[in-house]
Amino acid sequence: SKLDLRPSSKLDQVTRSFAAVLLDDGKEIDTRLLIKACRALLDLIRSTGAAPLRLAAKDFESNLRKVERLFEASPVECRTLASLLELERESDIHDGNVLQDPSAAIGLLWIRRSLAFQSHLYYESLVRSDHGKHPKEVAREAYDEHLSPYHGWMLRTVFPASFSQMPGQAVFLSKFGEVEIEDLDGEDEARVVKELRLFSETLEPLLEVWKKNFVKLDLEDTRRV
């Protein structure tokens, strides 16, 4: 067994950031900590160098800025995700669940969908890798489940086209493991798989509470864009 004296990985730090987001026994989402965790994830997905994830990162940051604008203007009123959504809804910028764009609510809606897509991609292609599917195949499945139902014709053409450039498992493992691909060994793989499993398990209850907040306030916009 190798003696690992490295500090915790970026992936581990991202997971810890998301684990801190749920408050009040998992019933509320801390907006400031959510923004912080999303920023950390943005740095991580950019570090993979994968073209499809660069495309996802661009959208992710654009949506995150929509949330940051409202939070920075009213941090006390926007302390939780629910209070942020209520504040914006009361301003009458939305038409029921037809959300104004730009707005914090539309940003949060697409960030949640992106997180669900990424969690599915990493878990199914790297943690549950026994099915022998290449990450580009898993990306298509994750896209069909989490993003395609809300994309119009143009995005349904552009987004999946990038999946042909999705790297293989070893590239992802080396990037998330922060080791050169030629130095990647069984211990590194096991460590990354363990961290990715924890990442997905951490996101699952968060995304559930996140969606409940939207549904409760009738802000779940299901239109295609």
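Measuring nothing but protein heavy atoms, the accessible surface of the chain at 1.4 Å probe radius is 50 percent carbon and sulfur. Solvent exposure of segment 66-127, expressed per residue, is 41 Å² of accessible area, with all protein chains present and a 1.4 angstrom probe. For segment 176-196 and segment 49-127, write down the distance between their C-alpha centroids in whole Å. So the separation of the two Cα centres works out to 30 Å. Largest first, the residues Asp25, Asp185 sort by 1.4 Å accessible area into Asp25, Asp185.
Solvent exposure of segment 139-225 amounts to 54 Å² per residue of accessible area, where only protein heavy atoms count and the probe is 1.4 Å.
The accessible-area ordering, largest first, of the residues Leu70, Leu34 stands as Leu70, Leu34, per a 1.4 angstrom probe. Computed from the C-alpha gyration tensor, the three semi-axes of the ellipsoid equivalent to segment 41-111 are 26, 14, 8 Å, from longest to shortest.
Pairwise alpha-carbon distances in the chain exceed 25 Å for 41% of all pairs. With the whole protein complex present, Ile181 retains an accessible surface near 80 Å², based on a 1.4 Å probe.
Taking all protein chains as shown and a probe of 1.4 angstrom, Asp30 keeps an accessible surface of around 20 Å².
Which whole-number percent gives the relative contact order of the chain, counting Cα pairs below 8 Å spaced six or more residues apart? That works out to 27 percent. Rolling a 1.4 Å probe across all protein chains gives Ser129 an accessible area of roughly 50 Å².
May I ask you to derive the relative contact order of segment 1-124, considering only C-alpha pairs under 8 Å and at least 6 residues apart, and to give it as an integer percent?
RCO, segment 1-124: 22 percent.
The values are calculated or read from the model by the stated rules, or taken from the named source; none is laboratory data. These figures come from a predicted structure and were not determined experimentally. Just the protein is used for accessible areas: all its heavy atoms, side chains included, with ligands, DNA and RNA removed. Shrake-Rupley method; radii C 1.70, N 1.55, O 1.52, S 1.80 Å.
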